[in-house]
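Report on one structure; see the data block that follows.
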Amino acid sequence: MKVRQILASKGMKVITIQPQQSIRDAVITLAQHNIGALVVVNDQAVPIGIISERDIVRRAAEAAEAAESIFTQSVQDVMTLEVVTGMPQDDIFSVAATMTDRRFRHLPIVEDGQLVGIVTMGDIMKAERDQYRGEIDTLETQIMADPS
Ligand code: AMP
């Protein structure tokens, strides 16, 4: 199965944020959309980073120790700069392996330099489960139809 098939069922909408916005904005956006990460984009909507709840918790711990506020810090000071992206034609098994090896759960999908979706580890697990269920249903049907 390809990433393209996951995007076809979940849609291509990606919640983004700009680097100069505040962590207050990031936290509010994450909560409003009930998601775990935001793709950070420049004025041309090109991904230049990613900020996940883990980045914010890590920085919140540092800020708490230094008795500083995290909310006024900017997204660009907290985000991961080297964002790993996938493509619609990628196989979901290889994408899952990359995410497991690199220990992250969000993969922005890019085509011709433009953001066309995001795939999470949860999306991949659901797609794999649906695929296995379909295969089991087919096998059960074949067994029931076999007269011998
Ligand atoms: P996550 O498990 O996706 O919440 O993220 C764990 C860590 O990996 C955080 O520091 C994220 O900023 C980072 N991260 C998440 N997704 C990606 C990605 N696609 N490329 C690079 N880093 C990422």
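The values are calculated or read from the model by the stated rules, or taken from the named source; none is laboratory data. Remember, it's a predicted structure, so these values are computed and weren't measured experimentally. Positions of Cβ are generated from backbone atoms using ideal geometry, with glycine treated the same way; all protein chains shown enter the neighbour counts. Each accessible area value is taken on the protein alone, full model and side chains, heavy atoms only, with ligands, DNA and RNA left out. Shrake-Rupley method; radii C 1.70, N 1.55, O 1.52, S 1.80 Å.
Would you please give the FRET efficiency between THR72 and THR29, computed as 1/(1 + (r/R0)^6) with r the Cβ-Cβ distance and R0 = 25 Å, to the nearest 0.05? With a Förster radius of 25 Å, E is 0.95.
Annotation: per residue accessible area for segment 3-145 equals 61 Å², rounded to a whole number [probe 1.4 Å, protein chains only].
Show SER148, SER74, SER94 ordered by accessible area, largest first, where the area counts protein heavy atoms only and the probe is 1.4 Å.
Largest to smallest exposure gives the sequence SER148, SER94, SER74.
Adding -39500 (n - 2.57) for every DSSP H run of four residues or longer, then dividing by how many residues the chain holds, sets the calculated 222 nm ellipticity at -15000 deg cm²/dmol.
Placing dummy labels 7 Å off each Cα toward the beta-carbon, the span from ASP146 to THR80 is 4.5 nm. Relative to the current alpha-carbon distance between MET125 and GLN89, full extension at 0.36 nm per residue lengthens the span by 11.2 nm.
With a Förster radius of 30 Å applied to the C-beta separation of THR138 and THR98, the computed FRET efficiency comes to 0.55.
Candidate cross-link partners of LYS2 among the aspartates and glutamates, defined by an alpha-carbon separation under 13 Å and a same-chain spacing of 8 or more, comprise ASP90, ASP91, ASP123, GLU128.
At 1.4 Å probe size, with the rest of the protein present, what percent of the exposed accessible area of the chain is carbon and sulfur atoms?
Its accessible area is 53 percent carbon and sulfur atoms.
When the chain is treated as a GNM with alpha-carbon contacts under 10 Å, the residue of THR80, THR120, THR72 showing the greatest mean-square fluctuation is THR72.
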